[in-house]
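The values are calculated or read from the model by the stated rules, or taken from the named source; none is laboratory data. Since the model is a prediction, treat every value here as computed from it, not as a measurement. Methodologically, a virtual Cβ is constructed for each residue, glycine included, from the backbone with ideal geometry; neighbour enumeration extends over all protein chains shown. Heavy atoms of the whole protein, side chains included, go into the accessibility calculation; ligands, DNA and RNA do not. Shrake-Rupley method; radii C 1.70, N 1.55, O 1.52, S 1.80 Å.
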Amino acid sequence: MSEAYPHLFQPLTIRGVTLPNRLVMAPMSTELGGLEGEVTPAMIAFYRERALGGMGLIIVEYTCVDPDTGRAHEYQLHLDDRKNLDGHRRLVRTIHDAGAKIFMQIQHCGQYANPKVLPGGMPIGPSDIFSKRDPEKMTCRGMTSDEVAKMVAAYGNTAALAVEAGYDGVELHGAHGYLLTQFMSPLGNKRDDAWGGDPGRRLAFPLAVIRSVRENIGDLPLVYRLSADEFRPGGLTIDDMEDISPRLVEAGADALHISMGWGVGQAFETVVEPMSTPEGWRIPYAARIRKATGVPVIAVGQIRWPETGEKAVADGDADLIALGRPMLTDPEWANKARAGRRDLIRPCTSCNWCISPHPGRIQVGCAENPRTGTELDPPIPTDMGKGKRAVVIGAGPGGASAALLLQQSGFETHIFETRSFTGGGIIASATPPGKEKLFWYSDYLGNRLAESGVVKHFGQKALIEDILAMKPDVAILAAGTRRIDLPIEGIDDPIVMDAYDLLMRERELGLPEGAHAIVYGGGETGCETAEFCAHHGVRVTLVSRSPADKLARSADWVYRMGLLRRLHENPLITILDNSHIRSVAGGKVTIETGDTATELEADRLLLAQGRRPADQLAEALGNAGITISVVGDSRQVGRIGDAVHMAYRAVQALSAQYADVTRLAC
């Protein structure tokens with residue numbers, strides 16, 4: 001038991017299976033499976049690190065019961081026959097050896113199956129669905145009664161195979177709009193037969209599946225994951241689920257995993273929330289289901305810190321605490337919490353880098369933890385820098401990460417930063433409304449540097465002569481960005497300010513409520529600057545050279561949905577798209593939209609028209625014969641995760657130059 005969080009580290013027994021603590025790794029798609037739906041060594045390594053990190057229960061990602069009709073993607077696990085059993089057995093043994101229990105989540109996508117990976121190319125679900133764009137085009141075929149019965153048996157079959165593989169229990173995925181949800185919800189089930197037509201008949205399929213699974217797993221625990229509220233017009237609400245959840249328990253569920261939302265449209269923001277979502281917002285929903293059923297419930301979603309989970313368990317709102325994205329960020333979360341070292345937890349900020357597309361990468365990843373999804377990569381040697389010196393220029397996410405990795409690798413490491421604090425571009429990203437969680441990461445990096453052996457030269461500009469005088473073997477340039485000068489007449493006018501300087505807190509907005517600011521730039525920085533100004537009561541005209549539907553186009557797509565909605569709904573913000581600013585003088589700004597010029601009075605003109613890499617030192621360092629890597633925004637302006645991953649790869653690449661060579665025994 002932990003003195004800091006005693007309730008989190010109490011054991012809990014569910015139907016004869018004792019979990020060592022109350023912490024659960026939530027099931028998440030990793031895309032680490034094989035093309036035949038098998039468990040791979042990369043997947044085993046991924047889960048093993050989380051089990052070694054102290055989690056009490058690992059719930060393995062969704063495993064499809066019928067790959068011919070229900071897969072989400074080509075790397076999804078499926079277990080519909082015995083050919084994939086060996087991989088699951090190895091996974092189970094590995095997790096047990098690491099000290100955790102392991103459940104399998106079983107699932108079918110229904111109408112959201114990926115047609116590209118289905119032999120017939122047509123998803124199946126409760127009812128026929130046709131394209132909104134082309135009403136003649138069917139996108140999902142309604143299942144016949146015989147097919148429904150066979151699907152019930154398919155769930156039972158996969159559950160039986162899970163038992164044979166050695167799993168300690170199973171979880172049914174009845175949340176987020178997948179097949180079980182589709183039958184239960186009036187949004188997905190338009191049938192009028194034994195499997196639909198009224199609330200009771202819409203429950204027939206989920207209840208039959210629970211009974212089938214129970215019959216096939218015997219006396220092992222059965223968890224049912226549900227969405228406590230679908231957050232869609234006409235969908236199931238928390239009031240409905242308080243009535244439905246006892247029926248699930250009566251059918252054979254031992255515990256309920258309380259998730260939220262539907263995996264499409266605006267409701268997706270409640271499945272995988274943006275960082276503006278409050279910590280622990282779902283816990284009251286879990287408490288209501290727990291009260292309605294009397295069985296253990298798992299609370300999940302936006303639980304980032306151990307004190308949040310501790311309070312939920314202590315107050316009787318939840319019995320178990322599931323961590324999803326935090327497990328990508330810090331596999332050691334549980335061990336650090338047990339030790340009372342909250343300050344060492346690498347914080348998940350809900351930046352959603354993990355679900356964003358990245359060129360050349362298929363598998364799961366994390367902005368802050370570049371090892372996530374690549375656990376089979378050999379560790380960076382801890383002695384390869386012995387007797388060598390490294391210099392890092394810039395203490396943003398890329399520079400700070402590089403410095404910590406270099407020091408861990410044995411280098412005598414020095415880091416230069418013009419400012420007096422760590423964070424760099426993180427500060428500008430964290431300052432807009434609703435993005436304060438990014439300060440968690442900036443603080444984390446600052447604390448890690450403070451406790452490390454890295455020599456810090458803060459408040460000191462990195463000059464080439466000073467760096468060369470240190471005679472470094474390695475240099476990493478992570479100096480961020482510099483302003484792009486724009487062809488605007490009167491750009492030196494006193495009302496003009498760089499939006500980046502404002503968000504970096506190096507300049508004050510200096511305007512009273514009701515004043516008028518013009519923001520020039522429709523990228524993420526410009527949109528966030530507009531929202532920042534409006535948050536302070538300032539009227540804003542956001543001028544974008546691009547169409548309105550291209551605003552903030554490089555932002556994380558979940559965050560972008562909410563950002564654009566807020567911009568369009570905010571009465572203090574006016575958007576002028578397809579427009580250019582030509583001049584500023586005497587408090588007046590000239591804007592061209594097509595062939596029309598408009599003159600607007602403004603108290604402030606904030607320039608957010610992009611920035612360029614600050615890479616000025618790279619050539620001089622290279623010419624001096626120093627091994628130089630340019631990372632982060634100094635290489636290519638991008639997101640925090642891009643900078644951290646570049647830093648990791650740069651230090652990893654040094655092993656080719658400095659690490660000992662291991663010769664094969666064969």
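Report, to two decimal places, the Cα Rg of the range 93-161 normalised by 2.2 N^0.38 Å (N = number of residues).
On the way: Rg = 16.9 Å, N = 69, 2.2 N^0.38 = 11.0 Å.
Rounded to two decimals, the normalised Rg is 1.53.
Go through the range 661-666 residue by residue and turn each phi into a ³J(HN,Hα) via Karplus (6.51, -1.76, 1.60, θ = phi - 60°); whole Hz please, and just put x for glycine and proline.
8, 9, 8, 6, 6, 9
Quote the relative contact order of the chain in percent (integer), defining contacts as alpha-carbon pairs under 8 Å separated by 6+ residues. The partial results should precede the final answer.
Numbers: 1513 pairs, mean separation 70.7, N = 666.
The normalised contact order for the chain reaches 11 percent.
Quick one: which residues, 5 or more positions from Thr63 or on another chain, have an amide H under 5 Å from its amide H? H modelled 1.01 Å from N in the peptide plane, none for Pro or chain starts.
Gln105, Ile106, Gln107
What list of ³J(HN,Hα) couplings, whole Hz, do you get for the range 197-203 from phi and the Karplus terms 6.51, -1.76, 1.60, once you set θ to phi - 60° and write x for glycine and proline?
x, 7, x, x, 6, 5, 7
So if each residue of separation counts as 0.36 nm, and I subtract the Cα-Cα distance between Ile355 and Glu436, what length gain in nm does that give? Each step should come with its number before you reach the end.
Details: separation 81, 0.36 × 81 = 29.16 nm, distance 2.02 nm.
Between Ile355 and Glu436, full extension yields an extra 27.1 nm.
Between Arg133 and Gln657, what FRET efficiency follows from the Cβ-Cβ distance if R0 is 35 Å, with the result rounded to 0.05? Intermediate values should be presented prior to the final figure.
Working: r = 54 Å, r/R0 = 1.55.
Efficiency for this residue pair is about 0.05.
Could you please state, rounded to a whole Å, how far the C-alpha centre of the range 169-234 is from the C-alpha centre of the range 293-334?
So the separation of the two Cα centres works out to 24 Å.
I'm checking a number: the convex hull volume of the Cα atoms of the range 346-501, normalised per residue, in Å³. What is it?
Details: hull volume 25.5 nm³, N = 156.
Spread over its residues, the Cα hull of the range 346-501 gives 163 Å³ apiece.
First select every other residue whose beta carbon is under 15 angstrom from the beta carbon of Met138; then total the charges, Lys and Arg +1, Asp and Glu -1. Intermediate results must be reported in sequence, preceding the final value.
Details: positive: Lys132, Arg133, Lys137, Arg141, Lys190; negative: Asp128, Asp134, Glu136.
With Lys, Arg at +1 and Asp, Glu at -1, the net is +2.
Go through the range 315-328 residue by residue and turn each phi into a ³J(HN,Hα) via Karplus (6.51, -1.76, 1.60, θ = phi - 60°); whole Hz please, and just put x for glycine and proline.
7, x, 7, 8, 9, 9, 10, 9, 10, x, 4, x, 6, 6
Quick check on packing: order 413-420, 656-663 by the mean number of other C-beta atoms within 10 Å, highest mean leading. Before the final figure, lay out each step's value.
Values: 413-420: 21.4, 656-663: 9.8.
Highest mean packing first, the order is 413-420, 656-663.
Measure nothing fancy, just the Cα-based angle from helix 283-293's long axis to the longest principal axis of the chain, in degrees from 0 to 90, nearest 10.
The two axes meet at around 10 degrees.
May I ask you to list the residues of the range 101-131 whose amide nitrogen lies under 20 Å from a point 7 Å from Cα along the Cα→beta-carbon direction of Asp549?
What the label zone holds, given the 20 Å backbone N cut-off, is 131.
Can you find, among Gly280, Val584, Tyr648, the residue sitting farthest towards the positive end of the charge dipole of the chain, where Lys and Arg contribute +1 and Asp and Glu -1 at Cβ?
Going by the charge dipole, the pick is Tyr648.
Of the trypsin sites (Lys or Arg not before Pro) in the range 70-120, which ones lie in a loop per DSSP and count no more than 12 other C-beta atoms within 10 Å?
Sites meeting the loop and neighbour criteria: none at all.
Please list, ordered by chain and number, the residues whose modelled amide H lies under 5 Å from the amide H of Gly523; skip anything fewer than 5 residues away on the same chain.
Ala552
Based on the alpha-carbon gyration tensor of the range 608-666, what equivalent-ellipsoid semi-axes (square roots of 5 times the eigenvalues) come out, in whole Å, largest first? Write out the running numbers ahead of the final one.
Details: eigenvalues 182, 57, 5 Å².
In descending order the semi-axes read 30, 17, 5 Å.
Write down Rg/Rh for the chain, rounded to two decimals, with Rg from the C-alpha atoms and Rh from the Kirkwood relation over Cα pairs.
Values: Rg = 27.1 Å, Rh = 27.0 Å.
Value, to two decimals: 1.00.
Give the peptides 476-487, 273-284, 564-575 in descending order of average Cβ contacts within 10 Å, highest first.
Details: 476-487: 20.2, 273-284: 18.2, 564-575: 15.3.
Top of the packing list down: 476-487, 273-284, 564-575.
Just to confirm a number: summing +1 for Lys and Arg and -1 for Asp and Glu over residues other than Thr525 whose beta-carbon lies under 15 angstrom from that of Thr525, what do you get?
On the way: positive: Lys435, Arg482, Arg483, Arg505, Arg507, Arg545, Lys550, Arg553, Arg560, Arg611, Arg612, Arg639; negative: Asp498, Asp501, Glu506, Glu524, Glu528, Glu531, Asp556, Asp633.
That works out to +4.
Once every Cα of the range 199-256 carries one equal point scatterer and solvent is ignored, give the base-10 log of I(q)/I(0) from the Debye formula at q = 0.20, 0.24 Å⁻¹, two decimals.
With one equal scatterer per Cα and no solvent, log10 I(q)/I(0) is -0.74, -0.99.
Tell me the Rg and the Dmax, in Å, that the Cα atoms of the range 378-461 produce.
When restricted to Cα atoms, the range 378-461 yields Rg and Dmax of 13.5, 46 Å.
Could you please tell me the mean projected area of the C-alpha convex hull for the range 126-239, averaged over all directions and given in square nanometres to one decimal?
Values: hull surface 32.6 nm².
Mean orientational projected area (the range 126-239, Cα hull): 8.2 nm².
Per q in 0.16, 0.22, 0.26 1/Å, what log10 I(q)/I(0) does a Debye calculation on the alpha-carbon atoms of the range 521-600 return?
The computed values of log10 I(q)/I(0) come out as -0.59, -1.03, -1.28.
With all protein chains present, calculate the accessible area of Cys366 using a 1.4 Å probe and round the result to the nearest 10 Å².
Only protein atoms counted, so the area is about 10 Å².
Would you tally the net charge around Glu31, using a Cβ to Cβ cut-off of less than 10 Å, leaving Glu31 out, and scoring K and R as +1, D and E as -1?
Working: positive: Arg361; negative: Glu61, Glu74.
Summing Lys and Arg as +1 and Asp and Glu as -1 gives -1.
Students often check this: by mean Cβ neighbours within 10 Å, which of 581-590, 319-328 ranks highest, and how do the rest follow? Please list the in-between numbers first.
Working: 581-590: 17.2, 319-328: 24.1.
Taking the mean over residues of other Cβ atoms within 10 Å, the ranking is 319-328, 581-590.
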